[in-house]
Amino acid sequence: MEKNSIRWEILLKGARGTLSPEEEIIFQKWLARDIRHKAYYEKMCRVWSSDNTTYDLHTDVAEMIVRFDDYVRNKRKVRRRKILRNVYRSVACLLILLTVGGGIMLLKRDKREMETANRIAGSILPGQGKAIILLPNGEKVDIASLSDSLSYRTAGFTVEKDSGIIRYMKQQQARTDYHTIVIPIGGEYQVKLSDGTMVWLNSDSRLKIPTAFVGNERRVFLSGEAYFDVVKNDRKPFIVETDLGNIKVYGTEFNVKRYSADRQLKATLVEGSIGFSNDHVAELKLQPGYQLSLTEGKSEPTVEKVKVYNEIAWKDQRFCFENRTLESIARDMERWYNVKIVFEDPVLQQLQFSGSLSRYGEIETLLHFFEESADITFEIDHHTITVKRK
């Protein structure tokens, strides 16, 4: 199979959340290989979810391909019709303005009022590529302030804003400096470490890293959430340190989620092998498809088999959850949309939901999904959202 190709069966199973661990790896690597793959997959999901038909993987893949092709052709036709319709409307408006001079001020006022209303309605936006690099000399490099068309290069690292990656260059040196990469609420970014390891950082996260790995280990410090694709090096183990324990890596792909607001640590293994240890636990190894959880105040972690994609979908631009409480989902939404979600009745926090939605959609889409799934409604006041009973 070519690197840029993927079987339709895997895409359909990805949309359903029924991929096997091996298929999930193929699917995730295909998504990460080209930004156009994500756009293609999201279009396919819109087609797949456009009606309530249930598709059999063995008999209806061909039909799905036909439907997708029809969808793309129809979208192009609609786009052409919209362009023509907008031209006609523009001409009509121009004639009205020329004929009714007194109406110009009224139309301008209406336009201003409409723009103000749109700004208010659209003020809750999904996250985007944001990062701040704290250097040892006290300097702060705010990625948002850099030019879109130029790379920022300084001693030890390069920021490629177009591709959303901070790259650290491999260096030979006796000592190393530490940088802290801060992802604010409503942000995300990728980092390529000096050994080639790739890290995806979620919103409201901090990763402290050496500019070069010196000595007999590769140690980084994390708070928040990150997905790691670690370059294997048996002579120099990779260690992710958190305040609740350390994760020793043996050349692998895994996700670590440690937000203080969540009061727990979760480590989910996608591929390879990792071991967890702290002052109370000798090294506990995980197998692919399993998740280790440790709650604050407890000494013993728990290990359970999970649907891996639900835990790592955030890096592929999706919210995926299965029987998760609304309270837990709300915390992820708060970090991504930079909002505060309050519950009128604490009982509503324990409502459970299952679904898969784009992380880059409007927040109203998510809220509508919850309203359609349960007897609740949402009241939005600027950046505060109140959950109420209908």
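Where a number appears in this text, it was derived from the coordinates with a stated rule and is not lab data. Note that this is a predicted model, so its numbers are computed, not measured. Here Cβ is always computed from backbone atoms with ideal geometry, including for glycine, and neighbour counts include all displayed protein chains.
If you take the square roots of the eigenvalues of the alpha-carbon gyration tensor of segment 127-308 and sort them as a ≥ b ≥ c, do you get rounded (a/c under 1.5), prolate (a/b over b/c) or oblate? It comes out prolate by the Cα gyration axes. Holding the Cα-Cα limit at 21 Å, pick out from LYS13/LYS307; LYS38/LYS248; LYS236/LYS298 the pairs that are longer than that. As for pairs spanning more than 21 Å Cα to Cα, those are LYS38/LYS248; LYS236/LYS298. Quick check on segment 180-286: take the gyration tensor over C-alpha atoms, sort the square-rooted eigenvalues as a ≥ b ≥ c, and tell me if it's rounded (a/c under 1.5), prolate or oblate. In terms of gyration-tensor shape, oblate.
Can you bin segment 6-47 into rounded, prolate or oblate? Criterion: square roots of the alpha carbon gyration tensor eigenvalues sorted a ≥ b ≥ c, rounded for a/c under 1.5, prolate for a/b above b/c, oblate for the rest. It comes out oblate by the Cα gyration axes.
For segment 372-381, the Karplus equation 6.51 cos²θ - 1.76 cosθ + 1.60, evaluated at θ = phi - 60°, returns couplings of 6, 9, 8, 7, 9, 9, 10, 10, 9, 10 Hz by residue, with Gly and Pro reported as x.
For the peptides 281-291, 216-226, the ranking by packing is 216-226, 281-291, with the highest mean count of neighbouring Cβ atoms within 10 Å listed first.
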